[in-house]
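The values are calculated or read from the model by the stated rules, or taken from the named source; none is laboratory data. Being a predicted model, the structure only gives us computed values, none of them experimental. We place every Cβ from the backbone using ideal geometry, glycine too, and count neighbours over all the protein chains shown.
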């Protein structure tokens, strides 16, 4: 059975235009192809970078939190109307939590921000390649 995180990420793909999903999938496939011919150390470094890559959920949370803080800061120092920025950003995050979609989502997806599952697909493929390095090394030592 799918975990809640997987369901959210499926919802993100479901709320993303097919063309954008295809572009992201193609980039992932190209990355896998490119790194499959690299040395073990290069592949390990890529996996480390992928583990640190910001996924769509983190990007939305970070952006929302920053907007809330900026809105509060501007409301305290410039004009109370800036509280609308905090309110709108919070509403978008709530909407995303409930529906799996919010207005910033298409923008982030067009910029290539991936779901954790999409990132993990690349990691898994590269780890599989790393395991073949071990098998190749074992066979060479026999």
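Structure above, values below:
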| quantity | calculated |
| --- | --- |
| Residue satisfying condition, being surrounded by 11 or more Cβ atoms within 10 Å (Cβ to Cβ) and modelled with pLDDT of 95 or more, within set 130, 126 | 126 |
| Only listed residue being over 26 Å from residue 99 (Cα atoms), part of a helix (DSSP H, G or I), over 13 Å from the mean Cα position of the chain (by Cα) and touching a residue at least 12 places away in the same chain (Cβ under 8 Å), chosen from 34, 44 | 44 |
| Which listed residue, of 105, 62, is in contact (Cβ under 8 Å) with a residue 40 or more places away in the chain and either in a loop (DSSP other than H, G, I, E, B) or under 14 Å from the mean Cα position of the chain (by Cα) (or both) | 105 |
| Residue in the stretch 80-89 that is touching a helix residue (DSSP H, G or I) at 6+ places or on another chain (Cβ under 9 Å), part of a helix (DSSP H, G or I) and closer than 24 Å to residue 13 by Cα present | yes |
| Any hit, the stretch 59-66, residues being surrounded by 11 or more Cβ atoms within 10 Å (Cβ to Cβ) and closer than 29 Å to residue 129 by Cβ | yes |
